[in-house]
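Notes follow once the structure below has been shown.
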Amino acid sequence: MSDAASSPHEAERADDRPSETTLPDDVALSIPATANRGEAAAIAAAVGAHLRDRAAAAEAATDGAASECDRWKLCDRLGCRDPPRPTAHGEEWKAAGRVRR
């Protein structure tokens, strides 16, 4: 037998260990007293996913360059020496038309 849980009771004891979760200082998480371990874990996972999504959205919103194409990649694709002026995503065809003139 392996060193892992050799009986169901040992496996239960391993699952009973409290897991440690770190929340930002401005977040308070309260779990209902009637929630079992699975429900509490689901609540914590949902809150954690929401906080990660919110942080990713905030980072994307502050990154202004993400709304524009990479000028040098666009220059390479168009086969030009000088990169075109800043081009928004979806406007690459306009930039291609300006380069060919």
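The values are calculated or read from the model by the stated rules, or taken from the named source; none is laboratory data. In this text, all values refer to a predicted model and were calculated from it rather than measured experimentally. Don't worry about glycine lacking a Cβ; one is built from the backbone with ideal geometry, like all the others, and counts go over all protein chains shown.
Points to keep in mind about this one:
- Every residue from the range 71-91 that is assigned to a loop (DSSP other than H, G, I, E, B), at pLDDT 70 or above and surrounded by 12 or more Cβ atoms within 10 Å (Cβ to Cβ): C80, P86, T87, E91
- Members of the range 33-70 that are among the hydroxyl-bearing types (S, T, Y) and modelled with pLDDT under 90: T62, S67
- Selection from the range 35-51 of residues that are closer than 14 Å to P24 by Cβ and either exposed (fewer than 12 other Cβ atoms within 10 Å of the Cβ) or among the charged types (D, E, K, R) (or both): H50
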